[in-house]
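The values are calculated or read from the model by the stated rules, or taken from the named source; none is laboratory data. It should be emphasised that the depicted structure is a prediction, and the values quoted were computed from it without experimental measurement. Here the Cβ positions follow ideal geometry from the backbone for every residue, glycine too, while neighbour counts run over all protein chains shown. For the accessible areas, the whole protein counts, side chains as well, though only heavy atoms, and no ligand, DNA or RNA atoms are used. Shrake-Rupley method; radii C 1.70, N 1.55, O 1.52, S 1.80 Å.
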Amino acid sequence: MENATVDAEQIAQRSEEVLHQLSHAVDGQKTQLRLLWAAMLTGGHVIVEGVPGLGKTLMARALGAVIDSSFARVQFTPDLMPSDVTGTQIFEGNTGSFHFKRGPLFSQIVLADEINRTPPKTQAALLEAMEEGQVTVDGKPEALPQPFFVIATQNPLEYEGTYPLPEAQLDRFAMKLIVDYPGEEEELAILRSHHFAQRREKKISSLITTEELLHFREWITQIHAEESVLIYITSIIRATREHPQVMLGASPRAGVSLLSLSRASAVMDGRSYVTPDDIKGLVAPVLRHRLLLHPDAELEGMDADDLIREILRSVSVPR
């Protein structure tokens, strides 16, 4: 694993540079930015939840600025049609033929803003893109650019007129990040650095090429995970299905996401091997959107994070 160690150190250094750049635009979200970058390193899509004004959209725009890639923002609304996202066939009168006009999904980083405000038919247009890296228009598959990364945001309030994402689509997201209010010092920093004539992401310079990012992704798959670590991940996933207050537990895809992101976490720390601590730090963001709680648990005021902490305490940690 000597070569992997060298590359792990290189990726760790580059990751530190990226996170430092992102912090110029986004104050008070260090943990969320680290998790977002880990997802980008593995190609797992992310859903970000938080009340308005906390910087969810800014985080996505900042990530688009730090990577030398194409970026598109789609504001999801009740009248948005699937063709508005994927693209459509346009008839050209001068040639008498149809031409495919590509939609915003044909970007390397796509921000799906307020995804729960658009009907299921348009939400479903993302499914094939996220899973297969392509869209089908009039029966013809169209490959999406690589890397392809979706960041979806949603507001946990104002449920009137929203369309909650079905479990099948939620499972396509590698993790769900919860963006909360910043601390007092961080909020003061936001005010000190505010400039009404300049967007905050304009402070960020492009650091990473898409070719470099794809190379990093290749190396991360080689990060070593011992058998005991794999058993630990499996035990956590299976425990979610056996918990009496969980109606729907995590899928095998959740375990794959947990392993991939744990490898990214390890390499961001300059290591060529996964530790149980890598896994424990990622269990909540990887599983919180995949668990369907029993109504009794919700009546008791419990949420997915509470149950995840309970499950983690019940699973033996490998030495």
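Tabulated data
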| read-out | value |
| --- | --- |
| Sparse-neighbour loop sites [GluC sites (Glu not before Pro); region 230-319; at most 16 other C-beta within 10 Å; DSSP] | 300 |
| Eligible lysines near residue 203 by straight Cα distance, threshold 18 Å, same-chain separation 8 or greater | 30, 56 |
| Label point at residue 189 placed 7 Å out along Cα→Cβ; residues across region 33-56 whose backbone nitrogen lies under 13 Å | 33-34 |
| Beta bridges by DSSP in the chain, antiparallel share as percent, to the nearest 5 | 35 percent |
| Apportionment of accessible area to carbon and sulfur, the chain, percent (1.4 Å) | 52 percent |
| Per-residue [θ]222 nm for the chain (sum of -39500 (n - 2.57) over DSSP H runs n ≥ 4, rounded to 500) | -14000 deg cm²/dmol |
| For region 212-243 and region 84-105, distance of Cα centres in Å | 41 Å |
| Spacing of the two label points (7 Å from each Cα toward its C-beta) at residue 167 and residue 226, in nm | 3.5 nm |
| Gain in span if fully extended, residue 77 to residue 140, counting 0.36 nm per residue against the direct Cα distance | 20.0 nm |
| Residue-count net charge about residue 233 - beta-carbon cut-off 15 Å; Lys, Arg +1, Asp, Glu -1 | +2 |
| The chain: mean projected area of Cα convex hull, nm² | 19.4 nm² |
| All-pairs Cα distance distribution in region 133-278, expressed in whole percent, bin size 5 Å | 2, 6, 10, 12, 15, 16, 16, 12, 7, 3, 0 |
| Within-15-Å neighbourhood charge of residue 136 [Cβ basis; K, R +1; D, E -1] | -2 |
| Gain upon complete extension [residue 296, residue 20; 0.36 nm per residue less C-alpha separation] | 95.0 nm |
| Å² of accessible area per residue within the chain, as computed with a 1.4 Å probe and no ligands counted | 49 Å² |
